[in-house]
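Have a look at the structure that comes next, please.
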């Protein structure tokens, strides 16, 4: 059974026809900007239409019955390396930009990002949303360590840009980090800025190994039967960002 016909028709009226495709019979929207994603999310809230963010679809492939009533959102057209700022040691990439291609682009600037050297075959946004992590001499080295700023569309359709590219920002909780490991349940990461390092330091990271990706952490925290304090806090964050449950847990 296809996604609700009424909402599909609304998408076709609101956006160019090529924004909507069908992937394995699942209606799939391909935003090309934060503004387009924002319009989709606002329309979904108005119609109470559930959405599902898949990134490339490498780690979560939306097939079978749980997705037939949803619209999948895929980031494959947010696929540009937007800026490289060698003097300030940061880059900004679209969520659909392949993580493994970053270092090849940074080579000419003598810059390097450790996680681009991992065998992870997904996108920048997928790596962040799935909580991509590595082992470095027995210690965790998560991708979010280098995640300093994001452009994000919240479930209600608001465009926010948490974080800072400055080396020293205001003190307090680094809110951009909550979107790392969120599995697309707190909003759509449209672009991400990362702190990068001189490539001369790459030799210190030759032993890093990718850790297995798991959804257990977040899903356990969002399980209503989990009384843990962190779980209660996680559920409050989810309810605050997504009061209409536009991005349901599947």
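A short reminder: the numbers here are calculations on the coordinates, not readings from a lab. Computed from a predicted structure; not experimentally measured. Cβ atoms come from the backbone with ideal geometry, glycine included; neighbour counts cover every protein chain shown.
On a full-extension model of 0.36 nm per residue, what is the gain between residue 235 and residue 202, subtracting their alpha-carbon distance, rounded to one decimal in nm?
8.0 nm
Who wins for biggest fluctuation among 142, 50, 119 in a Gaussian network model of the chain, springs between alpha carbons below 10 Å?
Checking each option, the largest mean-square fluctuation is seen for 119.
Right, something else. Over the alpha-carbon set of the chain, divide Rg by the Kirkwood Rh and report the Rg/Rh ratio to two decimals.
Rg divided by Rh gives 0.97.
Take the alpha-carbon positions of segment 64-112, form their convex hull, and give its projected area averaged over all directions (one quarter of the hull surface) in nm².
Convex hull of Cα atoms, orientation-averaged projection: 4.6 nm².
So for segment 81-210, considering every pair of alpha-carbon atoms, how many percent are separated by more than 17 Å?
Value for segment 81-210: 56 percent of Cα pairs lie more than 17 Å apart.
Moving to a separate point now. Which residue, 213, 91, 189, tops the fluctuation ranking in a GNM of the chain built on C-alpha contacts under 10 Å?
Greatest mean-square fluctuation among the candidates belongs to 213.
Follow-up question, since we're still on this one. Taking the Kirkwood radius as the inverse of the mean 1/r across Cα pairs, report the Rg/Rh of segment 179-250.
Result for segment 179-250 is an Rg/Rh of 1.11.
Between helix 34-47 and the chain, what is the angle of the helix's C-alpha long axis to the longest principal axis, kept within 0 to 90° and rounded to the nearest 10?
The angle comes out near 30 degrees.
Right, something else. Return one number: the angle in degrees, 0 to 90 and rounded to the nearest 10, between the long axis of the Cα atoms of helix 5-14 and the longest principal axis of the Cα atoms of the chain.
60
At 7 Å along Cα-to-Cβ for each site, give me the label-to-label distance between residue 88 and residue 156 in nm.
2.9
Simple spin-label model, 7 Å along Cα-to-Cβ: residue 245 to residue 137 in nm?
4.8
Any idea what angle helix 229-241 forms with the longest principal axis of the chain, computed on alpha-carbon atoms, 0 to 90 degrees, nearest 10?
60
Helix-only mean residue ellipticity at 222 nm, the chain, DSSP H runs n ≥ 4 weighted -39,500 (n - 2.57), per residue, nearest 500. What is it?
The helix contribution divided over the chain gives -6500 deg cm²/dmol.
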